[in-house]
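The values are calculated or read from the model by the stated rules, or taken from the named source; none is laboratory data. Given the structure is predicted, the values throughout are model-derived calculations rather than measurements. Here the Cβ is made from the backbone with ideal geometry for all residues, glycine too, and neighbour counts use every protein chain on show. Heads up: the accessible areas ignore ligands, DNA and RNA and are worked out on the full protein's heavy atoms, side chains in. Shrake-Rupley method; radii C 1.70, N 1.55, O 1.52, S 1.80 Å.
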Amino acid sequence: MLTAPSLGYLLLSPMIIVFAAAVIGVLVEAFMGKTHRAAVQLTISIGALLLALVQLWRIRDLSSTTAAVNSVTIDKAGIFLQATVVVLALIAVLLIADQENFTAQASAVPGSNEEAVALLQKNQQTEIFPLFLFAVGGMMLFPVATDLITLFVALEVFSLPLYLLAGLSRRRRLLSQEAALKYFLLGAYASAFFLFGAAFLYGYAGTISLVGISSAAGSANEVFLLIGIIFVSIGLLFKISAVPFHSWTPDVYQGAPTPITAFMAACTKVAAFGALLRIFYIGFAEAQTIWQPIITVIAILTMVLGSVVAIAQRDVKRMLAYSSIAHAGFLLSGVVALSKDGLAASLFYLMAYGLTTLAAFGIIGLVRDSTGEVTDLNRWVGLGKKSPLVGSVFAFLLLSFAGIPLTSGFIGKFAIFSAAYQSGNIAIVVSGVLASAIAAFFYIRVIIMIFFTDPVNDSVSVIIPSVKSKISISVATVASLIFGVAPSWLLTSATNFATFIK
Amino acid sequence: MAVANYLYLSAILFTIGAIGVVVRRNSIVVFMCIELMLNAANLAFVTFARINGNLEGQVVAFFTMVVAACEVVVGLAIIVTIYRSRRSASVDDASLLKR
């Protein structure tokens, strides 16, 4: 007699809402006329994300945490990570809603007649919204997945839409398509490694659940475990762009449409780090002697290389890409700490970093000349004099990246380094502080360029943002400011939510 | 024949795929090498299912096939778009983004 498995729909409801909205978005795209389609798609996206957030709030204190026959564990940390993804996605969708950043018809050859006609007739496709929602749904699933199948499926569900989104820029389409190709080939390569590692973890433990892998310790073939840990880590370290798996990051960040870069930089980090934390804290906890030294070395390499190479960058988006690599290194010290404090600090850091990143890329999208966005740093010279407000907001965000006191970046770095220090990992703390000092140099150099150098090129200007971008950038900036000046609320909730349930 | 031989085969297939991705220049061939890696992982899953005496590994293999199919859809879409705009599917020609 077969019994129907209990899925736990209530716990899954935030994800179901987002996925259902994505499917509805596909139908709207197929059947609705072009006049109101963009508005409808935006409403569906925002509505679904808000509903998901409400639903997350409602399930935050439920005692049962496993759903879908133990393949998903919606514990406290899982809810916090999901909420972080949804909040960041809500801010990002307002940037994405600026349709003129995206190509009217992705299938039209760049520079062709077809493309020009589509632009002229305002035949703008709006498939970015469903793709965006699928990615968000996958990102919500990834940090709560507790078996290897669900992890792999979630990884692909959020990656595949991102590969496509990276190629949808309206201007400089060849660059954008090239970014999509690179991201796709390298991303698929990394997920093949992840899957091969997962196979060996299954061979080692005889089960695909993370808890089973952890409890098999000592009783099975350690070689399988070693191969499994290494290959699964390669897949995950690629997604968080840790050295030596970072080479795609600058290219993709530069080539992708800026709103997508913002979304990708903020939300992928949250999802990938969420899953990384869960896998290492639960699945590999018993094997920490194997992975802790390796991840420590990778963390140190990542933060140092990210900070040093960022100095040499001439392009704002590439500079922020290297800065995001450095931040991945800082975040890895929270993984190595392997303690409740480390987890709480990572949760805080992810939220703070995500907000700052969204606002920073939002501002990059505003600096333009007649051909489109200007990302060459040399042409940003004197921007603060032309537009003091945008200049000072960007300077504030850079200071937050650098981790100057009174910004959320400082609180995050302080929390994560003290967690690493308490776990006895002095090397990572010392290199973290040194890397931050190097990083502060180039952030401050950019601030000096913006404010204290006379403008040379007059064709570059700051456009007046649309209302949606305005809301998005100001919400992200203000939140980042608040979490820097009065971080106690977010810190307390991160600490309260910092539990993984086995 | 010992079941472990299938594991060796899977490791060899995976290595061929992994090296192919690095060495080959045509993006379609690179993509095929990635598919080869996924199938090597599938073979490992099925072999381990046999060794461990449970079905979970075979279930994973089914999921992997579905995911690989989705990947083909997205991947070929990207490669074909690039080919249409450049008349070339070589990964070396795609080098506008400076290193």
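Regarding region A:42-61, can at least one residue be identified that is in contact with a Gly (Cβ under 7 Å, 6 or more places away or on another chain), open to solvent by less than 70 Å² (accessible area, probe 1.4 Å) and at pLDDT below 95? No; the residues of region A:42-61 include none that is in contact with a Gly (Cβ under 7 Å, 6 or more places away or on another chain), open to solvent by less than 70 Å² (accessible area, probe 1.4 Å) and at pLDDT below 95. Going through (1) of a type in the set (A, V, I, L, M, F, W, C); (2) surrounded by fewer than 18 Cβ atoms within 10 Å (Cβ to Cβ); (3) at pLDDT 90 or above; (4) closer than 24 Å to A:Leu301 by Cβ one by one, A:Leu389 falls short only on (4). Filtered by the rule that a residue be touching a residue at least 60 places away in the same chain (Cβ under 8 Å) and in a loop (DSSP other than H, G, I, E, B), region A:436-470 gives A:Thr453, A:Asp454, A:Pro455, A:Val456, A:Asn457, A:Ser459, A:Val460, A:Ile463, A:Pro465, A:Ser466.
Among the residues of region A:443-490, what is the count of those that are within 21 Å of the chain's Cα centre (by Cα), over 26 Å from A:Gly403 (Cβ atoms) and among the β-branched types (Val, Ile, Thr)? Of the residues in region A:443-490, 1 are within 21 Å of the chain's Cα centre (by Cα), over 26 Å from A:Gly403 (Cβ atoms) and among the β-branched types (Val, Ile, Thr).
Looking only at residues of region A:25-39 that are open to solvent by 40 Å² or more (accessible area, probe 1.4 Å) and modelled with pLDDT of 95 or more, we find that the one that is nearest to A:Val136 (Cα to Cα) is A:Val26.
Residue check: is A:Gly412 touching a helix residue (DSSP H, G or I) at 6+ places or on another chain (Cβ under 6 Å), at pLDDT 90 or above and closer than 27 Å to A:Val335 by Cβ? If you could, list the steps in order and put the result at the bottom.
Numbers: touching a helix residue (DSSP H, G or I) at 6+ places or on another chain (Cβ under 6 Å): yes; at pLDDT 90 or above: yes; closer than 27 Å to A:Val335 by Cβ: yes.
Yes.
Taking the criterion of being polar (S, T, N, Q) and open to solvent by less than 20 Å² (accessible area, probe 1.4 Å), the only residue of region B:11-41 that qualifies is B:Ser27. Applying a threshold of 7 Å to beta carbon distances and a minimum spacing of six or more residues, or different chains, the list of pairs starting in region A:367-383 at a residue that is open to solvent by less than 10 Å² (accessible area, probe 1.4 Å) and ending at one that is assigned to a helix (DSSP H, G or I) and of a type in the set (S, T, N, Q) is empty.
Taking helices (runs of 4 or more DSSP H) as the structural unit, those lying wholly within region A:69-159 and holding at least 2 residues that are modelled with pLDDT of 95 or more and open to solvent by 20 Å² or more (accessible area, probe 1.4 Å) correspond to A:76-96, A:128-141.
Please find, within region B:81-99, the residue that is farthest from the other protein chains (Cβ to nearest Cβ) out of those that are β-branched (Val, Ile, Thr) and closer than 22 Å to A:Ala190 by Cα. Selected residue: B:Val91. Only a single criterion out of (1) open to solvent by less than 70 Å² (accessible area, probe 1.4 Å); (2) more than 8 Å from chain A (Cβ to nearest Cβ); (3) farther than 20 Å from A:Phe200 by Cβ is not satisfied by B:Val74, namely (2). Residues in region A:162-178 that are more than 7 Å from chain B (Cβ to nearest Cβ), assigned to a helix (DSSP H, G or I) and surrounded by fewer than 23 Cβ atoms within 10 Å (Cβ to Cβ): A:Arg173 alone.
The conditions of being surrounded by 19 or more Cβ atoms within 10 Å (Cβ to Cβ), of a type in the set (A, V, I, L, M, F, W, C), at pLDDT below 95 and closer than 30 Å to A:Leu277 by Cα are met by A:Leu490.
Yes or no, residue by residue, for (1) of a type in the set (A, V, I, L, M, F, W, C); (2) within 24 Å of B:Tyr83 (Cα to Cα); (3) not in a helix (DSSP H, G or I):
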position	(1), (2), (3)
A:Ala180	yes, yes, no
A:Ala190	yes, yes, no
A:Phe196	yes, no, no
A:Leu201	yes, no, no
A:Ser219	no, no, yes
A:Gly228	no, no, no
A:Ser233	no, no, no
A:His246	no, no, yes
A:Tyr253	no, yes, no
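Comparison of A:Thr296, A:Thr289 shows that the only residue that is assigned to a helix (DSSP H, G or I) and without any contact (Cβ under 8 Å) to a residue 12 or more places away in the chain is A:Thr289.
Under the condition of being within 16 Å of the chain's Cα centre (by Cα) and within 7 Å of chain A (Cβ to nearest Cβ), the residues counted in region B:33-67 number 11. Under the condition of being under 22 Å from A:Pro293 (Cα atoms), of a type outside the set (Gly, Ala, Ser) and buried (at least 24 other Cβ atoms within 10 Å of the Cβ), the residues counted in region A:337-358 number 1.
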